[in-house]
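Engineer: Please see the structure below; I have some questions.
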Amino acid sequence: MNYDFREIEAKWQKYWAENETFKASNDSDKPKFYALSMFPYPSGAGLHVGHPLGYIATDIYSRYKRHKGFNVLHPMGYDSFGLPAEQYAIQTGQHPAITTEQNINRYREQLDQLGFSFDWSREVRTSNPQYYKWTQWIFIQLFNAWYNKKSDKAENISSLISIFEKGGNANVEATCDDDTPSFSAADWNAFSEKEKQEILLKYRLTYLADTEVNWCPALGTVLANDEIVNGVSERGGHPVVRKKMTQWSMRITAYAQRLLDGLDKIDWPQPLKDSQTNWIGRSVGASVTFNVKMTDEMLKQVQHDDVASSAVEKPYEIEVFTTRPDTIFGVSFMTLAPEHELVAKITTPEQKTEVDTYVEATAKRSERDRMADVKTISGVFTGAYAEHPFTKEPIPIWIGDYVLASYGTGAVMAVPCGDQRDYDFAKHYNIAIPNIFEGVDISEEAFADKETTVIANSDFLNGLSYKDAMKKIIAELEKIGHGEGKVNYRLRDAVFSRQRYWGEPFPVYYVDGMPQMIDLEHLPLQLPEVEKYLPTETGEPPLGNATEWAWDVEKNEVVSNDLIDHKTVFPLELNTMPGWAGSSQYFNRYMDPRNDDAIFSPEAINYWHDVDLYIGGSEHATGHLLYSRFWQKFMFDMGYVPKDEFAQKLINQGMITGTSAIVYRIAGTKKYVSFGLKSDYSTEELRVDVNLINVSNELDIEALKNWQPEYQDAEFILEDDKYIVGREVEKMSKRWYNVVNPDAICEEYGADSLRLYEMFLGPLEQSKPWNTAGITGVHSFLKKLWKLYAPYTNGSLSGAEAEPTAENLKTLHKTIKKVEEDIENFSFNTSVSTFMICVNELTSQKCTSKAILEPLAILVSPYAPHIAEELWSRLGYSESIAEAPFPKFEEKYLVESSKEYPISFNGKMRFKLELPLDMSKDEIEAAVLAHEKTQAQLEGRTPKKVIVVPGKIVNIVG
RNA sequence: GCCUUGGUGGCGGAACUGGUAGACGCGCUGGAUUCAAAAUCCAGUUCCUUCGGGAGUGAGGGUUCGAUUCCCUCCCAAGGUACCA
């Protein structure tokens, strides 16, 4: 009987589905294990061979854990809101829900074909109202919460209100908007309801704020940063402008420190941790306030702007953040970002023209321009001076575009001797560069080494090291009220509004301009139907096209927009949520996905706790993975989840790249020259379908001519009667024609071969090029494995069953040990080799013993589940192999009575000497010495001294 | 620039805490089987060599009896990040 993988695979996939073999229970005596792959966005292109890599790895580990006696949760679902379906809808008018449904069905077909042990009864789709009900619910929870810095956690907004009622906000330490005014309890109680709501919005964890977006008037839409190239839209090349829009934001900055600290507790890859650390960008230093020396002009202006007389005596203040407050005596100028709000106020009449020109010029430059052009030093003097808080010396105030408005306070104190950028700026504009470091030459460049710093020319800081000077200066700054120690983060709050159709609608309606939440019992608020998926003519988001999009507070339902009277019927929010909304808690929803009364039951979350193993791509490092950690910590603070990190271990699978095939067209002709001859001509490179190429890079010319019409009348210049293509490794993508489809591989070699081969390609975490040629190796392994079990049918052996020999047992246990270690270390690639060696050995040993073949089937089962099931049933079992206990490794089968000792001779010229295993060190020494003596006699030289080095080798030293 | 991860045959990649480098697979070469092909099986395959050996894990140094492995300097590639004060 031949290895008929098509029949076997179909048979067992059907069996698993019918018997719900992989359905996980939320109630089990077994220990739990939660293995998760990042769920996919179901794109129209379907899966290519790169997609399943991570799923296969997760599947192997899940199946292994099942064998090890764990109750395994291994779910799958779809991140089904997203842009491509919406773009398609804009072009064709087809509802994104239909496109999405079709794509999901295609994905499901492909996934089923690969034999994954998913519990499909738990499938989630983020675009499903029963699912996004809970995304909306979390949004409401965030709205009803504030971050209390004193308790260092999120709390319900009601606790904040009661603090306000008793004592105003003087003693509140919260993460809130910068412009929050201070008020007393009396003030608070006197506020109108709307005023109270406005204040609370400055504290809520999700809040409305005016945020700048990239607005493209021609497309009538908002673009993400990477949709803009050279200041114009990637699609169509239309101009893009910065525009303020009122949008929802998430106060992720409240969690900056905890997101950083949490990284120490989780087993995630170092590069990923680093990029999150980088992204959060913590820097320790101080904020320092400089007073502006007020001119008569400024004083007049102040009086004009602000009627309060107290303001007249109070000078303008410039707050800066610095990581080097110890160098404050080296300040010789200050620089403001051109966008800084003080610029207009402090510029002197003489400098006004120059400053205005510069500010205008900077505003025109795109961010990209500004970033690319790091070398050019530019800036303008404002004419104004600040006062040094200690020396009271005047400090000229400049503006310069090297200072960014979006980081820190948008102003820096420039210390040219200690910072290279300040140094370059000072040199360029002939500003003094006072040296405040002892014994350091600063004539060529700034000195920025903290470790060897000794401060000089700095009054009370003289002679101090960086560390001591830091402490001292912060204390002094606090004493005179000019600053304090401060930690600054690069992380910004996350904008949560998207001007799109295909996303979760916000459960929000507006009364008197203030947002109101819809009650849980009336959720989900379902996405309305619209005529078209583009923004409205007035520039409102696509939901502005909906005619049924108003909220009736009495009926608690969506009604027609015509009924809006701002008394009982109010307008609903028109934005939708971003892509990451639905993916930030899906891992918890899998625990109890059909629960309609709660996001998950307490029983479910208290059983599963968190994800034990999470596998997915590293591109989500600062998106999904950061936002999910943020929401998890919030859910933890609110007492909904028992763990404040959602995934204990995370692995980034590498990308499988494609190998594009390139033909070389002689410029301006229809002639194509073979790879080896291309240097003789001036050629242009064109990519052709990789399926037209054979193993030795030879092009099938006839097939090419039929592939695309432009090749029909092409001529080819051959080498050795062949046309050889060039190869290039790049991302697998339709546009490079280098996509290899798993369906075709499954058809030809089977899912088990594909699974084994994807693992065999190389280490899971590494990116590696796909090369179909090698799959024959793993496929022939499966055929050999099949043959090994040939004597068995339905549990009966044709012929006598042999007892396992010592050799059989050795081979088996060697394999158990290695495979178990490999799986635990996620080195799936090497296990495949181990299996090959094992089968080759057992074959040459002519092993037919059930005691060997049974455990071997279990070992193979996580990797190649279909064939393992079939072999298992041939050995006589009627139940699935999935729950069979993983074989136990026993050392005793590997132990031998004697061992070949490698002998090193001054570290070189090694030979082996077989000696009994239980010899002591001295006995080995004696034996080797005896051997050496005979050896030396034979070679006619003096014997060397023998030393036994503890460890694995015997060393002879001469 | 900075941070991170890597660099081993023609190719993908093995080598546990330093101990016979190149497992396993692909490809290639030769052979068996076959009328022939596919399939299968066996042998060989790091490089150089005067067949004694010699060199060899990006380059150069160091520690060690012994280094792909540890330390220093440099080069290269990939990913992240960037006038971050």
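Engineer: Of all residues in the range A:704-715, count the ones that are touching a Leu at 6+ places or on another chain (Cβ under 8 Å) and not aliphatic (A, V, I, L, M).
Structural biologist: 2
Engineer: Failed condition for A:Leu491, given (1) in a loop (DSSP other than H, G, I, E, B); (2) surrounded by fewer than 17 Cβ atoms within 10 Å (Cβ to Cβ), with all others met?
Structural biologist: (2)
Engineer: Across the range A:495-510, what is the number of residues that are open to solvent by 10 Å² or more (accessible area, probe 1.4 Å) and under 23 Å from A:Arg251 (Cβ atoms)?
Structural biologist: 6
Engineer: When the range A:782-801 is examined, which residues are found to be modelled with pLDDT of 85 or more and either more than 20 Å from A:Pro742 (Cα to Cα) or within 7 Å of RNA strand B (Cβ to nearest atom) (or both)?
Structural biologist: If the condition is that a residue be modelled with pLDDT of 85 or more and either more than 20 Å from A:Pro742 (Cα to Cα) or within 7 Å of RNA strand B (Cβ to nearest atom) (or both), then A:Lys783, A:Lys784, A:Leu785, A:Trp786, A:Lys787, A:Leu788, A:Tyr789, A:Ala790, A:Pro791, A:Tyr792 are the ones that fit.
Engineer: If the requirement is being open to solvent by 30 Å² or more (accessible area, probe 1.4 Å) and assigned to a strand (DSSP E or B), which of these qualifies: A:Asp597, A:Asp612?
Structural biologist: Being open to solvent by 30 Å² or more (accessible area, probe 1.4 Å) and assigned to a strand (DSSP E or B) holds for just one of A:Asp597, A:Asp612, which is A:Asp612.
Engineer: Being of a type in the set (A, V, I, L, M, F, W, C), part of a helix (DSSP H, G or I) and surrounded by fewer than 18 Cβ atoms within 10 Å (Cβ to Cβ), is that true of even one residue in the range A:810-833?
Structural biologist: no
Engineer: Of everything in the range A:394-408, what is more than 7 Å from RNA strand B (Cβ to nearest atom) and closer than 17 Å to A:Pro325 by Cβ? Give them in sequence order.
Structural biologist: Listed by number, the list holds a single entry, A:Ile395.
Engineer: Let me ask something else. Report, ordered by the first and then the second residue, all pairs with beta carbons closer than 6 Å, sequence separation of six or more or different chains, a first member in the range A:569-582 that is farther than 12 Å from A:Gly544 by Cβ, and a second member that is among the acidic types (Asp, Glu) and surrounded by 20 or more Cβ atoms within 10 Å (Cβ to Cβ).
Structural biologist: A:Met577/A:Glu504; A:Ala581/A:Glu504
Engineer: Further question on the same structure: Can you pull out every residue in the range A:758-774 that is more than 8 Å from RNA strand B (Cβ to nearest atom) and part of a helix (DSSP H, G or I)?
Structural biologist: A:Glu758, A:Met759, A:Thr772
Engineer: For the range A:9-65, which residues satisfy the criterion of being charged (D, E, K, R) and without any contact (Cβ under 8 Å) to a residue 60 or more places away in the chain?
Structural biologist: Correct list: A:Lys14, A:Glu18, A:Asp29, A:Lys30, A:Lys65.
Engineer: Among the residues of the range A:311-358, count how many are acidic (Asp, Glu) and either in contact (Cβ under 8 Å) with a residue 60 or more places away in the chain or not in a helix (DSSP H, G or I) (or both).
Structural biologist: 6
Condition check ((1) free of Cβ contacts under 8 Å to residues at least 40 places away in the same chain; (2) in contact with an Asp or Glu (Cβ under 9 Å, 6 or more places away or on another chain)) across all residues:
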{"site": "A:Thr805", "(1), (2)": "no, no"}
{"site": "A:Lys818", "(1), (2)": "yes, no"}
{"site": "A:Asp822", "(1), (2)": "yes, no"}
{"site": "A:Ser827", "(1), (2)": "no, yes"}
{"site": "A:Ser831", "(1), (2)": "no, yes"}
{"site": "A:Thr834", "(1), (2)": "yes, yes"}
{"site": "A:Glu841", "(1), (2)": "yes, yes"}
{"site": "A:Gln845", "(1), (2)": "no, yes"}
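Engineer: In addition: Which residue, of A:Asp79, A:Asp112, is closer than 23 Å to A:His866 by Cα and of a type in the set (D, E, K, R)?
Structural biologist: A:Asp112
Engineer: While we're on this one: For the range A:529-537, does any single residue satisfy the condition of being part of a loop (DSSP other than H, G, I, E, B), of a type in the set (Ser, Thr, Tyr), open to solvent by 70 Å² or more (accessible area, probe 1.4 Å) and free of Cβ contacts under 8 Å to residues at least 24 places away in the same chain?
Structural biologist: no
Engineer: Oh, and also: Which residue is nearest to A:Pro507 (Cα to Cα), if the candidates are limited to the range A:198-216 and must be of a type in the set (A, V, I, L, M, F, W, C) and more than 25 Å from the chain's Cα centre (by Cα)?
Structural biologist: Out of the qualifying residues, it is A:Leu208.
Engineer: Every residue in the range A:701-720 that is part of a loop (DSSP other than H, G, I, E, B), open to solvent by 30 Å² or more (accessible area, probe 1.4 Å) and farther than 21 Å from A:Met732 by Cβ, please.
Structural biologist: A:Gln712, A:Asp713, A:Leu718, A:Asp720
Engineer: Quick check on my filter: what residues within the range A:834-878 are outside any helix (DSSP H, G or I) and not basic (Lys, Arg)?
Structural biologist: A:Gln845, A:Cys847, A:Thr848, A:Ser849, A:Ser861, A:Pro862, A:Tyr863, A:Ala864, A:Leu875, A:Gly876, A:Tyr877, A:Ser878, listed by residue number.
Engineer: Let me ask something else. Among the listed residues A:Thr353, A:Thr382, A:Thr347, A:Thr376, which satisfies the condition of being more than 15 Å from RNA strand B (Cβ to nearest atom) and open to solvent by 50 Å² or more (accessible area, probe 1.4 Å)?
Structural biologist: A:Thr353
Engineer: Restrict the check to the range A:17-25 and report whether at least one residue is hydroxyl-bearing (Ser, Thr, Tyr), farther than 17 Å from A:Gly115 by Cα, open to solvent by 10 Å² or more (accessible area, probe 1.4 Å) and in a loop (DSSP other than H, G, I, E, B).
Structural biologist: Yes.
Engineer: Residues that are under 28 Å from A:Gly54 (Cα atoms), open to solvent by 40 Å² or more (accessible area, probe 1.4 Å) and in contact (Cβ under 8 Å) with a residue 60 or more places away in the chain: does the range A:860-883 have at least one?
Structural biologist: Yes, the range A:860-883 contains at least one residue that is under 28 Å from A:Gly54 (Cα atoms), open to solvent by 40 Å² or more (accessible area, probe 1.4 Å) and in contact (Cβ under 8 Å) with a residue 60 or more places away in the chain.
Engineer: With the condition kept exactly as written, say whether any residue in the range A:115-131 is of a type in the set (A, V, I, L, M), touching a Leu at 6+ places or on another chain (Cβ under 6 Å), farther than 30 Å from A:Glu748 by Cα and not in a helix (DSSP H, G or I).
Structural biologist: Within the range A:115-131, none of the residues are of a type in the set (A, V, I, L, M), touching a Leu at 6+ places or on another chain (Cβ under 6 Å), farther than 30 Å from A:Glu748 by Cα and not in a helix (DSSP H, G or I).
Engineer: Is it fair to say A:Phe630 is more than 27 Å from A:Asp119 (Cβ to Cβ), outside any loop (DSSP other than H, G, I, E, B) and of a type outside the set (A, V, I, L, M)?
Structural biologist: yes
Engineer: Does any residue of the range A:639-647 turn out to be within 16 Å of RNA strand B (Cβ to nearest atom) and either closer than 30 Å to A:Gln712 by Cα or not in a loop (DSSP other than H, G, I, E, B) (or both)?
Structural biologist: Among the residues of the range A:639-647, not one is within 16 Å of RNA strand B (Cβ to nearest atom) and either closer than 30 Å to A:Gln712 by Cα or not in a loop (DSSP other than H, G, I, E, B) (or both), which makes the answer no.
Engineer: Can you tell me which residue in the range A:145-162 is nearest to A:Val487 (Cα to Cα), limited to those that are more than 28 Å from the chain's Cα centre (by Cα) and part of a loop (DSSP other than H, G, I, E, B)?
Structural biologist: Ranking the qualifying residues of the range A:145-162, first place goes to A:Lys150.
Engineer: Something else: Give me the residue from the range A:747-756 that is open to solvent by less than 10 Å² (accessible area, probe 1.4 Å) and part of a helix (DSSP H, G or I) and, out of that set, nearest to A:Ser827 (Cα to Cα).
Structural biologist: A:Leu756
Engineer: Further question: Looking at (1) assigned to a loop (DSSP other than H, G, I, E, B); (2) open to solvent by 20 Å² or more (accessible area, probe 1.4 Å); (3) within 16 Å of RNA strand B (Cβ to nearest atom), which is the one condition that is false for A:Gly481?
Structural biologist: A:Gly481 satisfies every listed condition except (3).
Engineer: Out of the residues in the range A:518-528 that are touching a strand residue (DSSP E or B) at 6+ places or on another chain (Cβ under 8 Å) and open to solvent by 30 Å² or more (accessible area, probe 1.4 Å), which is nearest to A:Pro578 (Cα to Cα)?
Structural biologist: If we take residues in the range A:518-528 being touching a strand residue (DSSP E or B) at 6+ places or on another chain (Cβ under 8 Å) and open to solvent by 30 Å² or more (accessible area, probe 1.4 Å), then A:Gln526 is nearest to A:Pro578 (Cα to Cα).
Engineer: Take the conditions among the aromatic types (Phe, Trp, Tyr), touching a Pro at 6+ places or on another chain (Cβ under 7 Å) and open to solvent by 10 Å² or more (accessible area, probe 1.4 Å) and apply them to A:Phe39. Does it pass?
Structural biologist: Considered against the rule, which asks whether it is among the aromatic types (Phe, Trp, Tyr), touching a Pro at 6+ places or on another chain (Cβ under 7 Å) and open to solvent by 10 Å² or more (accessible area, probe 1.4 Å), A:Phe39 comes out as no.
The values are calculated or read from the model by the stated rules, or taken from the named source; none is laboratory data. The model shown is predicted, which means the values in this text are computed figures rather than measured ones. Virtual Cβ from ideal backbone geometry, glycine too; neighbours counted across all protein chains shown. Surface areas here come from the heavy atoms of the whole protein model, side chains and all, with no ligands, DNA or RNA. Shrake-Rupley method; radii C 1.70, N 1.55, O 1.52, S 1.80 Å.
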